[in-house]
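Structure first, commentary second.
The values are calculated or read from the model by the stated rules, or taken from the named source; none is laboratory data. Small disclaimer: the values here were computed from a predicted structure and weren't measured. As a convention, Cβ positions derive from the backbone with ideal geometry for all residues, glycine included, and neighbour counts pool all protein chains shown. For accessibility, only protein heavy atoms count, side chains too; no ligands or nucleic acids. Shrake-Rupley method; radii C 1.70, N 1.55, O 1.52, S 1.80 Å.
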Amino acid sequence: MRGVVFDGERAEVVDDLAVRDPGPGEVLVAVAAAGLCHSDLSVVDGTIPFPAPVVLGHEGAGVVEAVGAGVTHVRPGDHVALSTLANCGACADCDRGRPTMCRRAIGRPGRPFTRVGRPVYQFASNSAFADRTVVKAVQAVRIPDDVPLPSAALIGCGVLTGVGAVLNRARVGHGESVVVIGTGGIGLNVIQGARIAGALRIVAVDANPAKEAMARRFGATDFLTSTDGVRELLPTGADHVFECVGRVELIRAAVDLLDRHGQAVLLGVPPATAEASFLVSSLYLDKSILGCRYGSSRPQRDIARYAELYRAGRLLLDELVTQTYPVEDFAKAAADAEAGRVARAVLTF
């Protein structure tokens, strides 16, 4: 079986992986497509510490091949999009509808894979960069067969995180103003989330001017190459500013750009030890800084909702897929993603 394995020093495509059968409450999925997210590259460069060896990938879609005992919501042959959220479903946070806060879904990497008889870790409870993967049943969400799997793959991370941050965490209101710093895969989904929410002004900020056309396609009303120009467009500041890059100076900029009662939402991932600073006085007048994990999503509900928004023409997915690559071309896909040549590279199996 093929897969992309990071051994602690480099990532490479191998063909000698094996994955175990699904146990009770688990699903075996034949992966059809998987998006290459910056988080995968962050494991390789050390920004996200993770034990090795590990099969990368966490944004995938495919076809159910087998189910374990007790699984009834999907069956072999169903098309599914995968989430990374292996929540327990029984703790207080799950019961409150906050599965992203489930402590059993965080920091408990399993090892369902083997290579040459040795166990290999699973990244983000998912490992979509493999021909097959085993996930908890709660992570497999059935989607209509007419949603193309390369597009559906992107729902499981980029869309859940970006659109979810707007609708679930910030709860952007109709007619409000939004600034989005960084227009990569997450930023574009924040932009279209703001459009779906009915934001009146959506200002996209990215140092690369070549990204303007795509940002406007997803719903940006304005495009700037620096945060310096935001106050000319929004003199009193923005209702919501989303930082999607993961740089501490941009976090400070996000806070400084807020209007009264504004929210700065942090989606970018800086190094684990990074510290940001801001003027304490800048938070008075009911301003706030919000962290956001995985779009504060409820995947079984939200993935199905986003698939229907796509079918209705309101959510853009096909446009996110800049280029597809056979899994053997992982190195080229990673290089294109690092260079900013693609909104989302998608590996196919």
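Listing for the model above:
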| quantity | calculated |
| --- | --- |
| Whole-number D in µm²/s for segment 209-349 (Stokes-Einstein; Kirkwood sum over Cα pairs; 20 °C, 1.002 mPa s) | 121 |
| Efficiency of FRET between Arg314 and Arg118 - r from beta-carbon atoms, R0 45 angstrom, step 0.05 | 0.45 |
| Evaluated over the chain, the Cα radius of gyration and Dmax, each in Å | 19.6, 62 |
| Bins of 5 Å, starting at 0 and running to the largest distance - Cα pair percent for segment 113-169 | 4, 14, 19, 24, 18, 10, 7, 3, 1 |
| Arg75-Glu328 pseudo-label distance in nm [points 7 Å out on the Cα-to-Cβ vector] | 3.7 |
| Partner lysines for Lys332 [C-alpha distance under 25 Å; skip if fewer than 8 residues away on the same chain] | Lys211 |
| Extension gain, Arg341 back to Glu9 (0.36 nm per residue minus Cα-Cα distance, nm) | 117.1 nm |
| CD proxy at 222 nm, helix term only [per DSSP H run n ≥ 4: -39500 (n - 2.57); per residue of the chain; nearest 500] | -6000 deg cm²/dmol |
| Relative packing of 178-185, 292-299, which averages over residues the other C-beta atoms within 10 Å, highest first | 178-185, 292-299 |
| Selected from Cys37, Cys91, Cys244 as most flexible by GNM, with the chain as the system and alpha-carbon contacts under 10 Å | Cys91 |
| GNM result for the chain, Cα springs below 10 Å: residue of Glu319, Glu308, Glu232 fluctuating most strongly | Glu232 |
| Share of alpha-carbon pairs per 5 Å distance bin for segment 16-62, given as whole % | 5, 16, 21, 22, 20, 13, 2, 0 |
| Label-point separation in nm, His174 to Arg247, each point 7 Å along Cα→Cβ | 3.7 |
| Most fluctuating residue given options Gly187, Gly110, Gly57, as computed from a GNM of the chain linking Cα atoms under 10 Å | Gly110 |
| Over segment 152-195: Rg over Rh, Cα atoms, Kirkwood Rh | 0.96 |
| Additional length obtainable on full extension of the chain from Asp228 to Ala304, 0.36 nm per residue less Cα span | 23.5 nm |
| Volume per residue of the C-alpha convex hull in segment 5-125, rounded to whole Å³ | 118 |
| Protection proxy ranking, peptides 144-151, 164-171, 14-21, average beta carbon neighbours within 10 Å, highest first | 164-171, 144-151, 14-21 |
| Percent carbon-and-sulfur accessible area, the chain, ignoring ligands, DNA and RNA, probe 1.4 Å | 50 |
| Span from the segment 110-173 Cα centroid across to the segment 291-315 one, whole angstrom | 13 |
| Cut-off under 5 Å, modelled amide H: who pairs with Arg293 long-range | none |
